[in-house]
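Everything on this sheet refers to the single structure shown next.
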Amino acid sequence: MNNFLLNRNFLASLAAIFLPTLAYAHTGLGTMPGFGEGLGHPWSGTDHMVAMVAVGIWAFQSGGKGVWAIPTSFVAMMLVGGILGFSGVRLPFVEQGIFMSILVFGILIAAAAQFPLLVSMMITGAFAIFHGHSHGTEIPAAVSGLFYSIGFIAATTALHLAGIAAAFAVSSQESRPVFIRFAGVAIALSVVIIYF
């Protein structure tokens with residue numbers, strides 16, 4: 001019975017996010033209420049920005065399919081977390097999860113950690129749920145959840161691409177691994193500045 005109610009609440013939340021946009025008669029970016037809020041939201045928190053750029057750096061460092069699969073897993077699970085947050089589903093240790101994501105991604109980059117792709121995606125996705133939940137609870141009631149989510153996904157993707165581009169920019173240097181690994185150390189240490 002509890003699973004049924006949870007599924008009903010989950011489906012109701014999906015409807016609350018997507019149905020208002022179906023009834024909205026206009027098209028175009030200028031008439032997407034919530035898109036701007038979603039697009040700007042990740043830039044308002046240093047912790048989220050650092051974590052999302054770190055995902056891009058680690059994706060580049062992982063190479064191969066990881067360059068696109070690791071960021072994609074972050075975006076997908078961030079959406080799941082966002083829906084949970086928007087639905088009012090409580091998730092314990094959200095702030096601690098975000099804190100740990102920065103620390104862990106920094107350590108993984110500094111160590112040049114290589115895992116099977118599925119494991120890397122699972123690590124990334126697990127932390128993404130915390131980020132998504134945090135943002136899902138902050139969706140303004142007056143805006144469309146769908147347009148907010150589209151904006152948020154666009155901003156998140158841009159931050160992932162910034163991380164990939166930054167890692168790529170130094171990849172032509174002979175000391176590339178050292179530069180990227182130092183970036184990981186800086187990311188891990190940034191939790192002290194962000195949280196303390």
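The values are calculated or read from the model by the stated rules, or taken from the named source; none is laboratory data. On a predicted model such as this, the values are computed, not experimentally measured, just so you know. Here the Cβ positions follow ideal geometry from the backbone for every residue, glycine too, while neighbour counts run over all protein chains shown. Calculation scope for accessible area: heavy atoms of the full protein, side chains included, ligands and nucleic acids excluded. Shrake-Rupley method; radii C 1.70, N 1.55, O 1.52, S 1.80 Å.
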Legend entry - Hits in the stretch 108-139 (condition: within 17 Å of the chain's Cα centre (by Cα) and part of a loop (DSSP other than H, G, I, E, B)): Thr137, Glu138, Ile139
Inset, instruction - Assess whether Phe105 counts as being under 13 Å from the mean Cα position of the chain (by Cα) and not acidic (Asp, Glu). - result: yes
Legend entry - Tally of residues being out of contact with any Phe, Trp or Tyr (no Cβ under 6 Å at 6 or more places or on another chain) and open to solvent by less than 10 Å² (accessible area, probe 1.4 Å) across the stretch 106-133: 5
Inset, instruction - Give the residues of the stretch 96-105 that are of a type outside the set (Ser, Thr, Tyr) and either crowded, with 23+ Cβ neighbours inside 10 Å or in contact with a Phe, Trp or Tyr (Cβ under 9 Å, 6 or more places away or on another chain) (or both), sorted by residue number. - result: Gln96, Gly97, Ile98, Phe99, Met100, Ile102, Val104, Phe105
Inset, instruction - Could you please find all residues in the stretch 130-151 being among the β-branched types (Val, Ile, Thr) and at pLDDT below 85? - result: Ile139, Val143
Legend entry - Subset of the stretch 73-89 [at pLDDT 95 or above, surrounded by 20 or more Cβ atoms within 10 Å (Cβ to Cβ) and small (Gly, Ala, Ser)]: Ser73, Gly81
